[in-house]
1. What is the packing order of peptides 48-55, 188-195, taking the mean over residues of other C-beta atoms within 10 Å and listing the highest first?
2. Over the chain, what lengths in whole Å, largest first, do the semi-axes of the equivalent ellipsoid take, defined as the square roots of 5 times the eigenvalues of the alpha-carbon gyration tensor?
3. What span do the alpha-carbon atoms of segment 51-135 cover on each of the three principal axes, reported in whole Å from largest to smallest?
4. Provide the per residue accessible area, probe 1.4 Å, for the chain, rounded to a whole number of square angstrom.
5. Can you list residues from other chains, or at least 5 along the same chain, whose modelled amide H is less than 5 Å from the amide H of residue 243?
6. Could you tell me what percent of the accessible area of segment 51-135 is made up of carbon and sulfur, with a 1.4 Å probe and every protein chain present?
7. Arrange the peptides 101-109, 196-204, 171-179, 76-84 so that the one whose residues have, on average, the most other Cβ atoms within 10 Å appears first.
8. Nearest 5 is fine: what % of DSSP beta bridges in the chain come out antiparallel, could you say?
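The values are calculated or read from the model by the stated rules, or taken from the named source; none is laboratory data. Bear in mind that the values here come from a model prediction, so they are computed numbers and not experimental data. Positions of Cβ are generated from backbone atoms using ideal geometry, with glycine treated the same way; all protein chains shown enter the neighbour counts. SASA here: full protein model, heavy atoms, side chains in, ligands and nucleic acids out. Shrake-Rupley method; radii C 1.70, N 1.55, O 1.52, S 1.80 Å.
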Amino acid sequence: MIRTVRVPDVDDLGKAWKRVSAVLRPTPVDTTGNVWLKLETTQPSGSFKVRGAIAAMRDLDPDVEVVTASAGNHGLGVATATALLGARATVVVPGNASPAKVSKLQAFGSVELIRVGTSYDEAEQHALSLTHGVYVSPYNDPAVIAGQGTIGYELDAQVDGPMTVVCAIGGGGLASGLGLWASQRSDVRIVGVESAESVAMSETIKAGHDVEITVGDTIADGITGNLEPGSVTVGLIRDHVHSLIRVTEAELRHAIRYLAANHGVVAEGAGAVPVAALLAGKVDVAGQPVAVISGRNIALPILADVLA
């Protein structure tokens, strides 16, 4: 079944900015290298996903329970929003979700955690089948997309002149929101980066219709999986994102090591993909390159293995 989801516009971005900026402080930009880093790793949930969760949940009555599916970070964003807004949520994650993210989710008394199957796709299907509460997609939701786009309003004040903003793409909520923001500026280019092991967005855009891909093993667990049929992010990315790039596992691991060694930044795989693309020379840069380091929630054994 295809849900009917409204396509967000720039007015939604303005509304989301009021909601998000009332609760969250702007995240910093590290300007110490040629590539500037927008550090969403400093968010209270450990990733940018809390922006979309707040933007969506401030629309709801606090007594209404939120239901969502997540690879981990969106669930943590929703969980953090429940604590900030006095709400409750059911979060469905795959059975093989990152232990680091599952452990953090289990610490929230305001969240019922359900583990289903072995992939994000199975978790999403289960969450959509639940009949209680209001479903808030990690990406296919106008308020969530607008919430992620609030990163752009902060960049307006933090970066002068032309810029190329590079971000991760899984379901496409972040790139869609940034694309909407960039549509208001002639000097901003948005570039999206996928793991080469999970390329649902680029393959769907290439085909011109919903496609199902096989997901390979990747350290970028936060951006894996297929898309909800009819997701509005596909059209937004097609219309507002300059290009889509794929990075390999070796390039991802190199980027995580680079961020730790050169910037003292801990990034999970999905958080490092924009830097991986830039270090590999795969990005067509115009102006100042800005990499959105979208999350830090990596399991310590995996981090230790990468750094070793």
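1. Order by mean packing, descending: 48-55, 188-195.
2. Details: eigenvalues 132, 92, 77 Å².
After scaling each eigenvalue by five and taking roots: 26, 21, 20 Å.
3. 32, 26, 20
4. Details: 12000 Å² over 308 residues.
That works out to 39 Å² for each residue.
5. Placed amide hydrogens put 192 under 5 Å from residue 243.
6. Working: 1660 of 3340 Å².
Percent of accessible area from carbon and sulfur atoms in segment 51-135: 50.
7. Values: 101-109: 16.4, 196-204: 20.7, 171-179: 31.2, 76-84: 25.7.
Packing order, densest peptide first, comes out as 171-179, 76-84, 196-204, 101-109.
8. On the way: 3 of 34 bridges.
So the antiparallel bridges in the chain amount to around 10 percent.
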